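The values are calculated or read from the model by the stated rules, or taken from the named source; none is laboratory data. Computed from a predicted structure; not experimentally measured. Ideal geometry is used to build each Cβ from the backbone, glycine not excepted, and the neighbour counts take in all protein chains shown.
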Amino acid sequence: MSLSKTLLGCAFLAATLHAGALEPGWEKGAFMEIFVRGYQDSNGDGVGDLRGLTSRLDYLKALGIRGIWLMPVTASSDHDHGYAATDYRRISPEYGSNADMARLLREAHKRGIGVIMDYVVNHSSDQHPFFQSASRSRKSPYRDWYVFADAQVAGYSSGWQVFDKNPWYPAPEGEYLGIFGKNMPDFNWRNDKVVDYHFKSLRYWLDMGLDGYRLDAVPHLVENNAKDWNDQPESRALTRRMRELIQSYPGRYVVCEATANPVAYAQPELCGSAFGFGLQYDIVKAAKGQPEAVRAVADYYTAMPPGMATMLSNHDGFAGRRMWDQFEGNEARMRLAAASYLLGPGTPFIYYGEEIGMAGSPDQSPDDELRGPMSWGSAQPFSAARPFRPYASNAATQNAQAPNAMLAFYKQLIALRNGLPAIAQGRFEQAQVSGLSLSFQRRTESQTVVVVLNYANQAAEVALDRLPPLAALVSELPREGLPLRSDAQGRATVGLPPLSIAVYRLLP
């Protein structure tokens, strides 16, 4: 049987096994971004692993999570963040085995949770066997799998400055391009063999039942020269092909890291979803009481594609510190920030520990500070051994087992998203900003939800316009809130305490 027929048969089998595993629209629910190394250790070596994560699926289900994004879990040479890949089809031994991955998928699906995997598409590790061969001999069969200066036009490697450094590095034979550093050489995506290798690797995990991918650094797949190195047309074309391949499997979801132009990559014809870098800064500023940021949040949501992925922070220092650290423990403002994106359009991604008000790991670099062990509490801790990195600075008080108002609030918000189709999949309409208040409507054909946020330290009377005349509105948050009714002109006024949120549903 030919390889193409074998792959087609595997894809059909995977689609059959996957059918019905998740509810339609699951990808509009809240995701949890998880650094497996920092989530749960199952074998007492101080490092989180896939079996540990699997043991925590009931926690995620109870929280209301609909999807998990795994930071890189395949074999790597960095033994930490995982972005220096050495084998794209094998789970890192520290995290377990491919069989452990298959079990995680099965158990997550039983709980209605989808799983997507980080795929490091731009580069490999310099310890990858392909690069080891390519860097040592100009006659290596893998030489053209990477970008070497001697294979390019004259002067191609001159004058480069990327992320404030020269991205060219010496090898035993020649000079190679490493946009993200010396230990992560760039693949040559003009080579059809490279494309075929990665497409087969993507299929490998999809055939296992994986629910999709977060594609890493897609604007950097092809660099044309020292000036035209970011977000080139060739990179967009390759991204589109990957998205089409992944979504040829029913029910799969794709989200791209595309810092160059997230709005373009979130369009359905390109990636379909991309992280809304920049929005998180305005949400935090709005929650800290900056009026111009409240308007910026409303404007962003009004203009953004519906497939945008939103967040407050992630694993990268450039995206911001953990919420507890940014808000210096002010839980009321942290709740406002959470509501600002969990009740908004797009697909929200919670960074693990955000839901309990977890701080960063003390005395670490900006990235490592964000990637510490999850604060489960002393009764069932992250590990029985010394963890690979220090616990969060507030782990003794802000953890999943202590009385935790943040966790209870996140459960409320996610329950609203899961229970009200207008929040999960509705349009974003009728945004109104008045000083430090923001109101908007989320609407489907059969349901309208009104969200009102007061970012001020004082109580506010918020005027709501453009409601149906004489409409009855029931309070969804707070649950004990009084109902509202609009007047004959479709107007109503709602009183909000300082730093508070209200959610109303229009009765049919």
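Counting only residues that are of a type in the set (S, T, N, Q) and either at positive phi or modelled with pLDDT of 95 or more (or both), which one in segment 371-396 is nearest to the chain's Cα centre (by Cα)?
S375
Scanning segment 36-45 turns up one or more residues that are under 22 Å from V254 (Cβ atoms) and under 15 Å from the mean Cα position of the chain (by Cα).
Here L438, L413, L473, L407 are screened, and the one residue that is touching a helix residue (DSSP H, G or I) at 6+ places or on another chain (Cβ under 7 Å), in a strand (DSSP E or B) and either closer than 20 Å to L60 by Cβ or not assigned by TED's automatic domain parsing to the domain that holds I113 (or both) is L438. Evaluating G181 against the criteria (1) of a type in the set (G, A, S); (2) surrounded by fewer than 18 Cβ atoms within 10 Å (Cβ to Cβ); (3) under 22 Å from G114 (Cβ atoms) leaves one unmet condition, (3). Of all residues in segment 456-479, those that are without any contact (Cβ under 8 Å) to a residue 40 or more places away in the chain and among the acidic types (D, E) have Cβ atoms under 7 Å from Cβ atoms of residues that are part of a strand (DSSP E or B) and surrounded by 12 or more Cβ atoms within 10 Å (Cβ to Cβ), 6 or more apart or on another chain, in E461/G495; D465/Q432.
Residues that are touching a residue at least 60 places away in the same chain (Cβ under 8 Å), assigned to a loop (DSSP other than H, G, I, E, B) and among the β-branched types (V, I, T) do not occur anywhere in segment 161-180. Against the criterion of being under 27 Å from E369 (Cα atoms), crowded, with 16+ Cβ neighbours inside 10 Å and touching a residue at least 60 places away in the same chain (Cβ under 8 Å), Y95 does not qualify. Is there any pair with a first residue in segment 480-499 that is in contact (Cβ under 8 Å) with a residue 12 or more places away in the chain and a second that is among the basic types (K, R) whose Cβ atoms are under 8 Å apart and which are 6 or more apart or on different chains, and what are they? If the second residue must be among the basic types (K, R), the pairs left are G490/R466; A492/R485; L499/R333; L499/R335.
Among the residues of segment 307-363, just one is farther than 17 Å from L60 by Cβ, assigned to a loop (DSSP other than H, G, I, E, B) and aromatic (F, W, Y), namely F327. Scanning for something under 20 Å from V115 (Cα atoms), charged (D, E, K, R) and touching a residue at least 40 places away in the same chain (Cβ under 8 Å), does segment 231-253 turn up at least one residue? Yes: segment 231-253 contains one or more residues that are under 20 Å from V115 (Cα atoms), charged (D, E, K, R) and touching a residue at least 40 places away in the same chain (Cβ under 8 Å). The set of residues from segment 137-156 being assigned to a loop (DSSP other than H, G, I, E, B) and either touching a residue at least 24 places away in the same chain (Cβ under 8 Å) or in the same structural domain as L221 (by TED's automatic domain parsing) (or both) comprises S137, R138, V147, Y156. Between a residue in segment 296-320 that is more than 15 Å from L343 (Cα to Cα) and any residue that is basic (K, R), which pairs come within a Cβ distance under 9 Å, given they are 6 or more apart or on different chains? Note: pairs meeting the criteria are A296/K285; S313/R321; S313/R322; H315/R371. When both residues are 6+ apart or on different chains and their Cβ atoms are under 7 Å apart, which pairs have a first residue that lies in segment 38-58 and is more than 16 Å from I91 (Cβ to Cβ) and in contact (Cβ under 8 Å) with a residue 12 or more places away in the chain, and a second that is of a type in the set (S, T, N, Q) and assigned to a loop (DSSP other than H, G, I, E, B)? Sorted first by the residue in segment 38-58, then by its partner, the pairs are G44/S383; G46/S383; S55/Q40; S55/S42; R56/Q40.
Exactly one condition in (1) free of Cβ contacts under 8 Å to residues at least 60 places away in the same chain; (2) surrounded by 16 or more Cβ atoms within 10 Å (Cβ to Cβ); (3) more than 26 Å from E27 (Cβ to Cβ) is not met by Q364; state its number. Status for Q364: all satisfied but (2). Filter segment 482-508 down to the residues that are surrounded by 13 or more Cβ atoms within 10 Å (Cβ to Cβ) and β-branched (V, I, T), then identify the one that is farthest from the chain's Cα centre (by Cα). It comes out as V494. Each residue in segment 46-79 was checked for being over 21 Å from I350 (Cβ atoms) and under 19 Å from the mean Cα position of the chain (by Cα), and 1 of them qualify. E269 satisfies every condition listed in (1) part of a loop (DSSP other than H, G, I, E, B); (2) crowded, with 17+ Cβ neighbours inside 10 Å except (2).
Looking only at residues in segment 388-441 that are of a type in the set (D, E, K, R) and in contact with a Leu (Cβ under 7 Å, 6 or more places away or on another chain), which one is nearest to R295 (Cα to Cα)?
Only one residue tops the list, namely R417.
The criterion of being surrounded by fewer than 19 Cβ atoms within 10 Å (Cβ to Cβ), within 17 Å of the chain's Cα centre (by Cα) and not assigned by TED's automatic domain parsing to the domain that holds L453 holds for V263. Residue-level check: of (1) touching a residue at least 40 places away in the same chain (Cβ under 8 Å); (2) buried (at least 20 other Cβ atoms within 10 Å of the Cβ), A431 misses just (2).
Criterion applied to L470, L464 was being modelled with pLDDT of 95 or more and crowded, with 18+ Cβ neighbours inside 10 Å, and the one residue passing it is L464. Only residues that are charged (D, E, K, R) and assigned to a loop (DSSP other than H, G, I, E, B) were counted in segment 102-120, giving 1.
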